[in-house]
Amino acid sequence: MSTRLERIIHIDQEIRAKRYPTAAQLAERFEVSRRTIYEDRAFLVDRLGAPIVYDTEHKGWIYADDTWMLPAIMVSEGELLAFFLGQAVLRQYLGTHFESLLRHALDQLVLYLPQHVQVDTQELTKHYTISAGATVPIDVQLVLELDRAIRERRQVRMTYYTASRGERTERVVDPYHFYNVRGDWYLVAYDHMRQQVRNFHLSRIERWQVLDNTFEPDATFCAHDYLTKGFLSTLGEEYDIAIRFDAYQARWIRERQWHATQQIEELSDGSLILRMHCGGLDEVKRWVMSYGGHAEVLAPSELRRMVTQEVGRMAEIYLE
């Protein structure tokens, strides 16, 4: 899969060499649509000021002004390092299937840096390690096609596996937004089967097809507001939640932003109460229980009951 940077540089080289490239030739060369090539041409003309015209004699593109030059990529060593780390973090969250694409993108950028900036990408990798953790690999093509569907406002038909019910269903969705939670990627989309906006774990989309049908997104939808209603990856009825963390665990709790609505009440013994307004009680329950005896649910009563029941089930297992 080519990048826009790679295609633009190639188009410039072909025109400058008087090979009179065409959209059809370039689309075949990079295995992309003609539409993609025309978008690259528009970027060159509209954003970079390239004087590209069509030569009727040679039936291909040329520069009306041979003195025009593709702008140089000026970047500092610090900016390049930031780019490299950004690619490394992105690879962590998207899974190892993206490694070759991201490595290729980095190598292509390095090729076209000014001569005074010399970078050994192999040397860079010796100094930084980013662990992916227990993330679920996802299909590269799925991400690329869903991204296109979001940008072009095209509906998607998919076969989706719902883990909680152990069932597969056929859905048609209007894709709105991607978001990432602890390394796992989700799609926010309007689900025509459920007649509401839902979340879909990308790894559970087993088959998909970007349709020709277009859609108009709900003008009132705001991704930030929508995601704030839930906790981590789970949405649901919203509650006022209060959790007390003892003095030991409070040292780490106060370091982080756990939710956009959170408020921390410091207590005299060094403990604290974390308050937030959100849904996703199942997710909150699992999160609270990961702290064992260092955390106590104060509210709501439903969440406290859920934790109590889970602790009881665990006791039955370990006290047999």
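The values are calculated or read from the model by the stated rules, or taken from the named source; none is laboratory data. Keep in mind that what you see is a predicted model, and the values were worked out from it rather than measured. Positions of Cβ are backbone-derived with ideal geometry, glycine not excepted, and every protein chain shown enters the neighbour counts.
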Item to check | Complete set of residues in region 294-320 that are within 28 Å of residue 164 (Cβ to Cβ) and in contact (Cβ under 8 Å) with a residue 24 or more places away in the chain | outcome: 295, 296, 297, 298, 299, 300, 302, 303, 306, 310
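Under the condition of being outside any strand (DSSP E or B) and basic (Lys, Arg), which residue from region 156-191 is nearest to residue 142 (Cα to Cα)?
The qualifying residue nearest to residue 142 (Cα to Cα) is 182.
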Checklist entry - Identify, please: which residue in region 224-240 is of a type in the set (A, V, I, L, M) and out of contact with any helix residue (DSSP H, G or I) (no Cβ under 6 Å at 6 or more places or on another chain) and is, among those, nearest to residue 305 (Cα to Cα)? => result 235
Next on the checklist: Checking the structure you have, find out if any residue of region 12-27 is at pLDDT below 80, out of contact with any Asp or Glu (no Cβ under 7 Å at 6 or more places or on another chain) and not assigned by TED's automatic domain parsing to the domain that holds residue 145.
Outcome noted: no
Next on the checklist: Just checking, does region 267-280 include any residue being free of Cβ contacts under 8 Å to residues at least 24 places away in the same chain and charged (D, E, K, R)?
Outcome noted: yes
Checklist entry - Quick one: in region 183-198, which of the residues that are of a type outside the set (A, V, I, L, M, F, W, C) and out of contact with any helix residue (DSSP H, G or I) (no Cβ under 9 Å at 6 or more places or on another chain) is surrounded by the most Cβ atoms within 10 Å (Cβ to Cβ)? => result 190
Checklist entry - Of the residues 31, 6, which single one is under 26 Å from residue 143 (Cα atoms) and either in contact (Cβ under 8 Å) with a residue 60 or more places away in the chain or assigned by TED's automatic domain parsing to the domain that holds residue 144 (or both)? => result 6
Checklist entry - When the residues of region 152-198 are filtered to those that are of a type in the set (Lys, Arg) and in contact (Cβ under 8 Å) with a residue 40 or more places away in the chain, which remaining residue is nearest to residue 222 (Cα to Cα)? => result 153
Item to check | Members of region 8-52 found to be basic (Lys, Arg) and closer than 16 Å to residue 69 by Cα, listed by number | outcome: 16, 18, 41, 47
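Taking into account only those residues within region 34-61 that are in a loop (DSSP other than H, G, I, E, B) and touching a residue at least 12 places away in the same chain (Cβ under 8 Å), which is surrounded by the most Cβ atoms within 10 Å (Cβ to Cβ)?
Per the criteria, the residue is 50.
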